[in-house]
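Have a look at the structure below, then the notes.
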Amino acid sequence: MRRAILALFLAGRSAFADDATVRKVELDLPPALAARLAGYVTIEAGAPWDDAAARRTVELLFATGEFADVVVEKERGPTGIEVAIKPVPQPRLREVRIEGDGVIAARKARRIARLRPSEGLWPRRLEEASRDLATALQGEGYLEAQVTASARPHRDPFAGADLVFHVKSGPRARVGAVTLEGAGGAESTLVADLARPHPGEPYVRARADKAAERMRKRLVGTGRWGATAVVRDAYDPSTAAVTLVFDVAPGPVITLETAGAEISASLREDVEQILREGGVKRDAEEGAGEKVEEAFRQRGYRDVRVRVKEESRSGGAVVVCEIEPGPEATVGAVVVEGMEPPHPSLASRVGEPLEEHKIEADTRTLSRSLEEAGHVDAVVEAVVPEGGGALRVVYRARPGPRTMVETFAVDTPVALPEGERHELRTRAGEPYRVRDLAQDRNALLSAYRDFGYPRVEVTPEVAFAEDRSTARVSLHVALGPKVTVGRIVIAGLEHTREEVVRRELALAEGKPLGLGLLVESQKKLAALGLFERISISELAPDPDPQQSLVVAVEEGARTTFAFGIGSSEREILRGSVEVSRRNIGGMNRTFTAYARGSFRGSRFLLGYREPYLFGNARDLYVAAFREEEARTGFSFTRTGVLGQTVTRWNPQLSLSIRYSFQDTYVYDLEVPVDEVDRQYRTYTLSGPSVSFVSDGRDDSLDPRRGHFVGADIQSSFHALGGASFLKGFFQVSNYRPVSARLTLAVSGRLGLARTFGKSEPVQLPLPERFFAGGDYGPRGFATDYAGPLTLGSSKELLPTGGNALVFGGVEVRYAMMRSLSLAAFSDAGTVYSLVSDMDLSDIFYTTGLGLRYRTPVGPVRLDWGLKLNPRPGEPSYRFHITIGNAF
Amino acid sequence: MRSRRGVLALLASVLVAPRPARSAEVVERVLASVDGRPVLLSETKAVEAVRGLERGVAIDALIDEMLMYREASRLPGAAPPPEEEEKSLAELRARAPRIEETVRLSDIRTLLRRQMVILRYVEIRFRPQVRIADETVREAYATAYAGQPDAPRFENAEAALREDLVRRDLDARIEAWVRELRAGAEIRYSP
């Protein structure tokens, strides 16, 4: 039977042709389901009967994942063919129930058996689930547990089925006796207290294993690196008791000795750790030897040999690390022969230890450099004398002929349209490079796949001249069939409406099936945040010119809780909690309740988000909030509502338009009341705002390349019931990798505001003003102090902020290790009371150094900023600890 | 009166008389599924007709073929050139001239294409692994012709014996491959 594929085809028999007209098509489903799935029925009333349409209908309906079978019945009537399509519902999981012994909760059983919402309850899955649950119960001490599972359909078979676990737990085993074997008096005393579970406690195998591991670790900690501890159990069904025996083999106390050469303390620590963790077994000894060899090679001992062996000594054992270092070699000179300068930068440097891996890397670098210049057959070898001392490293290059591209052509039956073309690297008149040709091939493959030719093949052809000085290069494109998208089947939806998925698809029925579009669709679906799994696959594996696709998704939880903890210089520590109800009405609408609190303030917010306003990809967000904050010199409470709509042109560019109405009350004023226009102690903000963002950063938390541009213009008008003012804030940042470890970040900010409706502009209400200084710059200052100050009621100088802000900063970040970076920065900036006061000679300059530790929530940042032009009496420097970059 | 009674009787006989039974024919359904992809009744019927297999055997053959084809079609250049497909179709028509009366041409082409892709994969993946030692061929010769006075000379029988051993080795490898594919797949048979 298995060999059927190799068998010859045999003759067939009867006929299948049938051209009668279809009179009636019935989809035998509940009305709502039938309405949703009617689009997948391709058998048409009034059209001639078509076997292929029947097959396609079954394939499409089956691909929805909702049915175990789809039966198409055909019946000849007096006026034509009547077709009945009878889908058989799949037993999809609804609830999990426990019957029999209630030793486990249904929710826990569901988690243990890894049951996903709506998954098919097929016999094999039921068997797996019951096995998982039985294993878990046995692990909890029900050693005789037996579990079977069955699917119990609901009255409405299209509503799914309950999975029922039938549990016979048997008695829960308890620990009868615990003994310790193998360990002598002292060692026994050392580990006896670790034995778990205690007699009389339920027997949980994982606890016993953990106890054995703790015993081993404790013995290892006393120098018995080869100690072992395992647990054996014996179950007596008549008493439901388990006898536990901990087999402990402490072994001798082991120390590490070196012979032949000394090793550093840190290397000794590493080697001891390898031996300890590996239980001084053969592998661990080899690992330790390799570690020592590597350390010596890095110091220029090319011929180092290390042998690690265990020796018995009186009262213990010793692991001896015998080191034969050989001669120490350094790089005396680096010579490149056979290649015209300039040469690429090499890893081997004069005066540094001579290391084989660096020499190999240099050989590769030089070969690649020659290949880049068109020397296809270039060979580079390194010649280094044996022995030690300052050695001359010679790289001998045999470049061979230099090949230039004489002609380059792409031989294709269908040229790509203008927008799909990629610039190719290979060009006539330029050196011939294999790497470029390979990249060009890949670029063409991707472009044609995106253009609907998934089975395209691109073959390079290179014809060299006899002396290999020139080459005629071509890329031959064999397109294969052009594939367009047939039907798109959406599978796996529980609460989400189908249109929510369809509107995110970059692929469209009847359009080319491009690989890029497929990936984009997948990304957009993932960005919704509604699904835990997403896959887009072809319905049939055969290369048909029209491929139907199945978009299969698995919905995630609809109610989510998020907790946050953060820190900033002003707030020190803040915590937040957010509860969201997602996918309201199946339309990806979200309701959010958010609360944040710190020692300096609080914020409560209720928000509602509609991602598709009036059927367009435009976000609407409405929120009501109340916040309270204690700032330097004043405090305020603010209550308000806002409505915002965001249009995203692409993942980088977005425009938001907002209307805010908020009442603010300013209190605890320490700054003189003169600093605050009296009418602004309690004020209303009412007016529209607009924000534009272009975010091209590679990582929004810790960018290495890209840009960020933000512009925000906020207004409030007396005619709308608020104070009259206009406020703009603009920000530009750019990030560029200077080398593999070095990143340059530059940023500029400008804030401008003015009031209206008075004889002359005055300062904005205090909470609306711009402030500068602190961990976001300039960093030589305390928070808000880079700007005008005034003597407060407590006789301290307090910041008053102002209507204008300028800031510029540059920062160089050097990645010392994977997570640790060093930074040097310079910031300049200040705040002016009024725009008319702006004078660049008033700007404050600071410089400083910092450390960054990379975490998943952004870098933890420690900065030390030094003022370059401090005001008299001010401290000249400031430390900042916070999370996130300054820009 | 009599005539009216006669008409009523005729009407009654027409209404009461049993009508010829109209039976619905199942033309398509899902007989099994492999990792969520259906094995259809029409496909199975095509395999039954083209290869002369029973229903149950045809379903399993289709399942195996789907699994093998899924892996084989990932091979770069897996699709056979059109001329090879046409040649294969012509050979089939020569062997079974009336096959298109039974099976749709598109189904025949699909079956042929799948088979060619799988065979090509088998050639590339398994054929190079087959090594038949000279000793093995000698053993096979000894087993096949032991005690036969008219046995051919070893040199004359060697090629055929070697070919047979290669074929058996390939078959064993394909069987193992299919077992592995089946073990990793979720296969469901419809009741």
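The values are calculated or read from the model by the stated rules, or taken from the named source; none is laboratory data. The structure displayed is predicted, hence computed values, not measured ones. Cβ sites come from the backbone with ideal geometry, for glycine too, and all protein chains shown count toward neighbours. Calculation scope for accessible area: heavy atoms of the full protein, side chains included, ligands and nucleic acids excluded. Shrake-Rupley method; radii C 1.70, N 1.55, O 1.52, S 1.80 Å.
Okay, here's what the table says:
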item: Members of region A:434-493 found to be in a loop (DSSP other than H, G, I, E, B) and within 13 Å of another protein chain (Cβ to nearest Cβ), listed by number; result: A:Tyr453, A:Pro454, A:Arg455, A:Val456, A:Leu479, A:Gly480, A:Pro481, A:Val483, A:Gly492
item: Lone qualifier among B:Leu92, B:Leu67 - being within 8 Å of chain A (Cβ to nearest Cβ) and either outside any helix (DSSP H, G or I) or hydrophobic (A, V, I, L, M, F, W, C) (or both); result: B:Leu92
item: Selected residue [assigned to a loop (DSSP other than H, G, I, E, B) and surrounded by 14 or more Cβ atoms within 10 Å (Cβ to Cβ)] from B:Ala185, B:Ala144, B:Ala140, B:Ala157; result: B:Ala185
item: Residues of region B:72-89 classified as more than 18 Å from the chain's Cα centre (by Cα) and either under 17 Å from B:Glu43 (Cβ atoms) or more than 8 Å from every other protein chain (Cβ to nearest Cβ) (or both), total; result: 10
item: Some residue of region A:168-181 being in contact (Cβ under 8 Å) with a residue 40 or more places away in the chain, closer than 30 Å to A:Gly278 by Cα and buried (at least 18 other Cβ atoms within 10 Å of the Cβ); result: yes
item: Condition broken by A:Arg455, with the remaining ones in (1) of a type in the set (D, E, K, R); (2) surrounded by fewer than 17 Cβ atoms within 10 Å (Cβ to Cβ); (3) over 23 Å from A:Leu370 (Cα atoms) satisfied; result: (2)
item: Where A:His422 falls short, out of the listed (1) open to solvent by 70 Å² or more (accessible area, probe 1.4 Å); (2) outside any loop (DSSP other than H, G, I, E, B); result: (2)
item: Exclusive hit being in a loop (DSSP other than H, G, I, E, B) and not β-branched (Val, Ile, Thr), set B:Asp171, B:Asp164, B:Asp150; result: B:Asp150
item: A:Thr847 vs. criteria among the hydroxyl-bearing types (Ser, Thr, Tyr) and part of a loop (DSSP other than H, G, I, E, B); result: no
item: Test: residue in region A:113-131 that is touching a Pro at 6+ places or on another chain (Cβ under 9 Å), crowded, with 19+ Cβ neighbours inside 10 Å and within 11 Å of chain B (Cβ to nearest Cβ); result: yes
item: Whichever residue in region A:64-112 is loosely packed, with under 14 Cβ neighbours inside 10 Å and among the acidic types (Asp, Glu) and, among such residues, is nearest to the other protein chains (Cβ to nearest Cβ); result: A:Glu95
item: Test for A:Val577: is it modelled with pLDDT of 95 or more and open to solvent by 30 Å² or more (accessible area, probe 1.4 Å); result: yes
item: Conditions (1) modelled with pLDDT of 85 or more; (2) touching a strand residue (DSSP E or B) at 6+ places or on another chain (Cβ under 9 Å); (3) at the interface with chain A (Cβ under 7 Å from one of its Cβ atoms): number failed by B:Arg22; result: (1)
item: All positions within region A:380-419 that are of a type outside the set (Gly, Ala, Ser), exposed (fewer than 15 other Cβ atoms within 10 Å of the Cβ) and either in contact with a Phe, Trp or Tyr (Cβ under 6 Å, 6 or more places away or on another chain) or not in a strand (DSSP E or B) (or both); result: A:Pro385, A:Glu386, A:Pro413, A:Val414, A:Pro417, A:Glu418
item: Matching residues in region A:796-841 - criterion: being hydroxyl-bearing (Ser, Thr, Tyr), in a strand (DSSP E or B), in contact (Cβ under 8 Å) with a residue 24 or more places away in the chain and under 23 Å from A:Ile881 (Cα atoms); result: A:Tyr814, A:Ser821, A:Thr830
item: Matching residues, region B:42-63, being at the interface with chain A (Cβ under 7 Å from one of its Cβ atoms), assigned to a helix (DSSP H, G or I) and open to solvent by 30 Å² or more (accessible area, probe 1.4 Å); result: B:Val57, B:Asp60
item: Unmet requirement for B:Gln115, which otherwise passes all of (1) in a helix (DSSP H, G or I); (2) within 10 Å of chain A (Cβ to nearest Cβ); (3) open to solvent by 60 Å² or more (accessible area, probe 1.4 Å); result: (3)
item: Residues of region A:15-39 satisfying the condition of being charged (D, E, K, R), more than 22 Å from B:Pro191 (Cβ to Cβ) and not in a helix (DSSP H, G or I); result: A:Asp18, A:Asp19, A:Arg23, A:Lys24, A:Glu26
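Each row is one residue, and each column tells you yes or no for (1) farther than 18 Å from A:Gly884 by Cβ; (2) in contact with a strand residue (DSSP E or B) (Cβ under 9 Å, 6 or more places away or on another chain); (3) open to solvent by 40 Å² or more (accessible area, probe 1.4 Å); (4) modelled with pLDDT of 95 or more.
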| residue | (1), (2), (3), (4) |
| --- | --- |
| A:Ser691 | yes, yes, no, yes |
| A:Ser700 | no, yes, yes, no |
| A:Ala711 | yes, yes, no, yes |
| A:Leu726 | yes, yes, yes, yes |
| A:Val746 | no, yes, yes, yes |
| A:Leu750 | yes, yes, yes, yes |
| A:Arg754 | yes, yes, yes, no |
| A:Glu760 | yes, no, yes, no |
